[in-house]
1. Loop-only check: which GluC sites (Glu not before Pro) in region 298-399 are DSSP coil with at most 16 other Cβ within 10 angstrom?
2. Along Cα→Cβ, 7 Å out, is where each label goes; now give me the distance between the ones at L275 and T169 in nm to one decimal.
3. Express in nm, to one decimal, how much length is gained between A265 and E461 on full extension, taking 0.36 nm for each residue of separation and deducting their alpha carbon distance.
4. How much length would be gained if the chain were fully extended between T349 and L153, taking 0.36 nm per residue of separation minus their Cα-Cα distance, in nm to one decimal?
5. Would you mind checking which residues have amide H under 5 Å from D587's amide H? H placed 1.01 Å from N; only 5 or more apart, or other chain.
6. If you average the sequence gap of Cα pairs under 8 Å that are 6 or more apart and divide by the length of region 334-471, what percent do you get for the contact order?
7. Let me check I've understood the local charge: for A631, count other residues with C-beta under 11 angstrom from its C-beta, Lys and Arg +1, Asp and Glu -1. What total comes out?
8. Once the Cβ-Cβ distance between V33 and R9 is put in as r, and R0 is 22 Å, what FRET efficiency do you end up with, to the nearest 0.05?
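Nothing in this text is a laboratory measurement; each read-out follows from the coordinates by a stated rule. On a predicted model such as this, the values are computed, not experimentally measured, just so you know. Using ideal geometry, Cβ is built from the backbone for each residue, glycine included, and neighbour counts are taken over all protein chains shown.
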Amino acid sequence: MTTSPTARRLLRAVQALAILGLGLYAAQAAIAVCGKGADAFFETYVYTGLVATGAALCFARVLTSPRERVAWAVLGGGLAAWAAGDAYYVAALSDMLDPPLPSFADALWLALYPACYVALVLLVRERVRSFPRSLWLDGLVGALAVAALGSALVMGAITAPGADSAVITMDLVYLCGDFLLLGFVVGGFALTGWRPGLAWGMLGTGLATSAVADAYFLYQGAIGADPSSTLPAALWPASALIVGFAAWSAPVQRSVRLEGWRTLAMPVAFASIALGLLAVHTVSPLPAAALVLALATLAMIIVRMTLTFRENLELIEGTQREAGTDALTGLANRRRLMTDLAAAIAEATPERPCGLAMFDLDGFKQYNDRFGHPVGDTLLARLGRRLSETVGHSGRAYRLGGDEFCVVASGTSIDLEELSAQARAALTDSGRGFTVGSSYGLVLVPEEATDVPGALSLADERLYEQKDTNRRSTVTRQTSDTLMQVLKECQPELDRHLHDVAELARALGTRVGLRAAELDDVVRAAQLHDVGKVAVPDDILDKDGPLDHSEWEFVRQHSVVGDRILSAAPDLSAVAELVRASHENVDGSGYPDGLVGDEIPLGARVVTICDAYHAMTSSRRYRERMSRADALRELRRCAGAQFDPEIVETFCALLTPAKRPQARFSPATQRAH
C-alpha cells in the first residue's frame, strides 16, 4: 500500500501511543501502578480507547488503500461495535447490581463474531489464489480439535449444576462464538499451507487472543473467581491492537503448494489432541460436547487421509502422464512409445500385425533457420495435431524429439501401408518460400521384427534409406528438369512429344508392376530419351526426306551421347542406362549395343514401345499420322522383333480398357528389370 510520508509518521505515532497505553493498562491490571483508585479510569477510558484505536486503524487502512477495503471495513466495524458495547456497558449498566442479561451491550459485543468470520473469508479469498481441497479439511480438523480442547477445559465449569440458565445460555453463546472464531483462524492458517506470513499471522494471533481471553474469563466467572483488573484482562485490548496493526502490514498473495512435513505435522498435532482427550475421558469423564468434537476430529482426519491418498494418486497419474507426453505437440513421447510398442508387439499376430512407422521431416532445418525456432515450434505443433487426427483411433502418434515422429498401429499390412502414407501426407506442409515434407520407414511385427530394439532399428534404417532416396530424387529432378529445358530450347517441337511419352511410360510402367523408384527412373528416361539429339546437326534432324546411311549412323549415336550426358550426374546413372537402351530391339537389331530380349532393361522396353506409339500417332513432315488402331496393329506386327510381345499386349490392353487382358511376366522378364 502507498501512503505519504506525513501519513506514515502519523501512523507510527498512533501505534507508539497505543503500545504505551497498552503497557500502562497491563501494568495497572497487574500491579496497580497508578494505585487502586485508577482502576475505574483504566477500565472505563483506557480499555475502551485501545479497542477503539484498533477499529480506527482498520478504518484508516480502508481510506488509504483500495485493496481488501471491504474486509477491513467489516473488521473495523466489528471492533467498533466491541468498543461501543464497552462504552454502553460503562454508561448504562455498570452501576446496576443485577444488569439485564442479555443486554444491548451483549448484542454489540456479539456483533464482533460475524464481522470477524466475514472478514476472514474475504481475506482468504483475496490472499490465497488457490488451494487444494485437503487444506479445507485441515482447517476443519483444526477447528474441531481446538473446539474439543476448549470444551474439555471450559464447558464443564460453565454448565455446572445450579448456575443461572440465562448466564449459562449467554456463556455458551460466547463460548461457541469463540470456538468458531478459533476455528476460522486455524482454518485460515491451514489454507495458507501453514505459512501465513506476517500480516495474516498478526491478524490470526489477534483474533485468537481475543477468543482465548473470552474463554479464560468465562471459565473464571463460572467457577466464581473475580478476574477483573488482572493481567489477563490486557489480552482483550491487546487483541484489538494486534488486529489494527495487521491492517497495515503488507499483504502477500500466494499459491499454496502441499509439500514437506508441514502437510503432515498439523493434522498429526490435531489428531494427538483428539486422542489425548479420548484418553483423558477414560480416566475422568469429559463433557459430551468435548467427546463429540474429539470424535468428529478423528473422523475428519480419516476423511483427510482418504482425500490425501486420492490427491497423491492424481499427482502420480499426472506425473506419469507428463512423463509420457511431449510438451510441445501434446503427443505421446519416446518414453511412452517404448511401453506401448512392447505391449503392441506382445499382442501382434501374423494375421493382424503391428506396424511401426518412423517419420523424419524433410526441409524442416531450412524452415527453422529461415523463420526462427518459435515459428518452427508452431509448425511442429500443427503437424503433430494433423498427425494425431490422421491416425485417429487406428493407432497412436508419438513425437520422438526434434522433427522425428512415430506411429504405432495394428491392422492388415495393406491398412498399415495406407495409414503410413496418410501420416506422411499429414506431416507435409508448404507455403510461400518453403516446403516441408517427410520420409518414413515402416516395419511389420512379427513378420519383420520380433522385439522393440529390432523394430526400432529396422524402421530407422528404412527411414534413412527413404530419406536418402528423396534427397537423390530431388537432385535428380532438378538435373532432369534442367536438361528438359535445354531440349525444349533446342527443339521446341519435342516438348509435347516427350511429355506424352513420359505419361504413357508412367501408365505402362505401373501396369507391368514397376516399383516406385523404378517407375520414377522410367518416367525420367522417357522424358530424356532424346537428350542426345542436342549433338545431332540441325540439318539432319530437320531433313524432309529419308536419311542416307551416313546420316543414320550419326543419328544412332544420339542414345550413346544421351548416356554420356546423363552419366555425368551420378544420381541419373539408372536413367542413363535406360536412355542408352531405349532404341534396342528384342531381336538384337537395335542400337547402339545390339542387346537381345531380356538383356534389354524392362524400363527401356517400356520406353521403346511408348516412344514408337507416340511417333506413329503424331504428324511428321515426311508422313501422315496413324490412327490409334493402326498404330496398335503395327506394334503387334513388330512384336517379337522390335518390341517385347508381352509388354505390347499390356500396352494394347492399357489403351483398350474394355478388354483388360492381364499380362503375366516370366521369371526371366521380372529379373531383367
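1. E351
2. Rounded to a tenth, the inter-label distance reads 4.2 nm.
3. Contour length minus the Cα-Cα distance gives 64.9 nm.
4. Gain on extension, T349 to L153, equals 63.2 nm.
5. G597
6. Contact order relative to length: 35 percent.
7. +3
8. In this case the efficiency is close to 0.15.
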